[in-house]
Amino acid sequence: MSIAYLNGSYTPLEEARISPLDRGFLFGDGIYEVIPYYNGRSVGLVPHIERMIAGLAAIEIQNNKSVAEWKELLDDLVARNSDINHNLGVYVHISRGTDTKRFHAYPENVEPTIFAFCFAIKDPAPVDRNAVKTTSVNTTEDLRWKRCHIKSTALLGNVIHFQEGHIEGHGEILLYNADNVLTEASSSNAFIVKDGKVITPIQDNQILPGITRRIIIDSIKADGTLEIEERNITMDEVHNADEIWVTSSSKEIAPVTSIDGKPVGNGEVGAVWEKAFAIYTAAKFDH
Ligand code: PDD
């Protein structure tokens with residue numbers, strides 16, 4: 001049975017209850033994280049907590065826990081749920097809290113609502129370009145807001161874009177801005193490979209500063225055998241890339257072999273993906 005954490009108590013997930021006046025419910029006024037644990041070992045736990053604390057500060061939700069206290073809370077929740085599966089994702093969500101009325105302004109003296117639960121996640125993909133599952137994508141203009149660097153629970157913009165891919169049978173949808181420059185995907189970051197070089201969009205307000213993205217960049221740089229660059233990428237470059245990857249805590253590095261109905265490169269998973277995924281896999285628990 002899944003045990004959830006809600007405001008200091010542990011409860012079976014199905015029995016967890018919040019008020020309909022919670023600002024997370026009414027306004028999507030909150031911050032969230034999804035953190036993977038493989039056999040009890042987390043990936044990027046501290047960076048996830050730091051991003052969450054930065055997000056809370058950015059929208060002025062009070063946070064009374066240190067990084068160490070958050071770490072203890074999440075590790076403990078994973079331990080309590082170890083019977084569900086050997087690999088778990090932890091979803092943690094902090095809303096501004098429950099007001100007495102529906103009023104847009106931030107209320108004063110309201111305790112944030114803290115909610116977390118665990119769910120089963122798959123084993124990591126094999127580091128084998130012939131065995132990994134591939135993804136197809138389509139593309140559309142990014143019509144979300146201009147604060148995509150904040151991991152807000154208000155995900156309707158992302159949800160609409162994800163659905164535009166899903167309804168066409170794709171695992172993701174790549175997004176581009178009004179200048180025809182790649183931003184990210186609806187629930188993941190994006191990378192391309194051209195002539196052996198790994199390239200990913202710069203980190204600004206148009207993308208989520210993904211923890212997986214960060215671990216990939218840092219581990220590739222530390223390894224030193226692949227070239228990696230952060231810069232603007234036009235959609236022409238995306239369509240002519242040798243490889244495309246989408247990355248997130250749940251997908252790790254997912255190779256994309258079809259874009260808008262056409263093959264990416266030769267239509268097969270690339271050698272650079274395999275190299276990068278090997279580097280990432282060797283480094284991920286150190287982050
Ligand atoms: N999604 N960009 C967007 C819009 C995302 O929603 C996510 C993650 C990422 C990748 O971030 P990270 O590597 O830190 O997981 C990029 C999560 C997993 C989700 O909403 O379920």
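The values are calculated or read from the model by the stated rules, or taken from the named source; none is laboratory data. This is a predicted model, so every value here is computed, not measured. Counting neighbours? That spans all protein chains shown, and the Cβs are built from the backbone with ideal geometry, glycine included.
Below are the figures for this structure:
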item	result
Strands (runs of 3 or more DSSP E) contained entirely in region 1-115, each with at least 1 residues that are over 30 Å from ILE207 (Cα atoms) and over 16 Å from the mean Cα position of the chain (by Cα)	3-6, 9-12
Output for region 6-45, where each listed residue is closer than 17 Å to ASP75 by Cβ and surrounded by 15 or more Cβ atoms within 10 Å (Cβ to Cβ)	GLU33, VAL34, ILE35, PRO36, TYR37, TYR38, SER42, VAL43, GLY44, LEU45
One residue from ALA125, ALA185, ALA116 being at pLDDT 95 or above and in the same structural domain as PHE277 (by TED's automatic domain parsing)	ALA185
Residue in region 211-222 that is in contact (Cβ under 8 Å) with a residue 12 or more places away in the chain, touching a strand residue (DSSP E or B) at 6+ places or on another chain (Cβ under 6 Å) and assigned to a strand (DSSP E or B) present	no
Meets criteria (touching a residue at least 24 places away in the same chain (Cβ under 8 Å), under 29 Å from ILE31 (Cα atoms) and surrounded by fewer than 18 Cβ atoms within 10 Å (Cβ to Cβ)) for GLU230	yes
Residue within region 264-283 that is in contact with a Gly (Cβ under 6 Å, 6 or more places away or on another chain), outside any strand (DSSP E or B) and buried (at least 16 other Cβ atoms within 10 Å of the Cβ) present	no
Members of region 207-219 that are within 11 Å of the ligand (Cβ to nearest atom) and either charged (D, E, K, R) or touching an Asp or Glu at 6+ places or on another chain (Cβ under 7 Å) (or both)	ILE207, LEU208, THR212, ARG213, ARG214
Restricting region 117-158 to residues that are among the acidic types (Asp, Glu) and surrounded by fewer than 18 Cβ atoms within 10 Å (Cβ to Cβ), the residue that is nearest to the ligand (Cβ to nearest atom)	GLU141
